[in-house]
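Just below is one structure, and these are the notes that go with it.
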């Protein structure tokens, strides 16, 4: 409450400075040097409190460093998503691509998982000041969601690699990727960047990304449900899956706050 009052007082002083400059500048110019020093010290203290209030209201979100960090994270993940979307085009187009291309999807998901678990939040474990419990089970819902995405991506990567390498024959091994897309897409509709000045733009971006993820997962589920690998219907579903993933990758690559 005290911080909010100080913040309101500081905002009022800024408005007064902008609209009534003579009332805010001239008295300071006519004060004795000692008085100016007193005013300066008080101003420094008030400015420090104002900075603390702003940090408590917005924190890292919306600062130039926070925006650059977030945009890099989104674009790096977008590059990986776009690459595995391209690799998934092979089966849809009936091309005889090298066998290693089938492992691009689980490999990219593995990198995404590691990236999110380590690097998604500057203040989270293991690179930040927050401990493991506070990072994964704390009150910062944005951070907890990032780590949840990382865990889901890791599970999907392991199960998908097991299935594609032939170590797991049952189609259920391919299900985690579908669930990851559905759950991740739905969670994006509730994902928030806190007191970010561009929250409206970010929420719109998340809604589009979530919709693409859900659509891609549905297409992947339908492709798995069709029994015959050579079936034209199955290839169309795979094409839809790959196309939506590539569009999602491009959207993340151009992400901006």
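The numbers here are math on the coordinates, done by the rules we state, and not lab data. From a predicted model like this one, the values you see are computed outputs, not experimental measurements. So basically every Cβ, Gly included, is an ideal-geometry build from the backbone, and we count neighbours across all protein chains shown.
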task: Work out, in µm²/s and without decimals, the Stokes-Einstein translational diffusion coefficient of region 64-253 at 25 °C, 0.890 mPa s, Rh from Kirkwood over C-alpha pairs.
output: 143 µm²/s
statement: Ranked from fewest to most other Cβ atoms within 10 Å of their own Cβ, 112, 118, 104 fall in the order 118, 104, 112
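Find, to one decimal place in angstroms, the Kirkwood hydrodynamic radius of region 203-252, where the mean of 1/r is taken over every pair of different Cα atoms and then inverted.
11.2 Å
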- request: Give the order of 95, 86 when sorted by the count of other beta carbons within 10 angstrom, beginning with the fewest.
  value: 95, 86
- prompt: Ranked by Cβ crowding within 10 angstrom, fewest neighbours first, how are 84, 136 ordered?
  reply: 136, 84
query: Over region 140-257, with a single point scatterer placed on each C-alpha, what log10 of the ratio I(q)/I(0) does the Debye formula yield at q = 0.09, 0.21 1/Å?
result: -0.29, -1.21
message: Based on alpha-carbon centroids, what's the gap between region 144-186 and region 194-257 in Å, whole number please?
response: 15 Å
field: Contact order normalised by residue count of region 98-163, Cα under 8 Å, 6+ apart, percent
entry: 43 percent
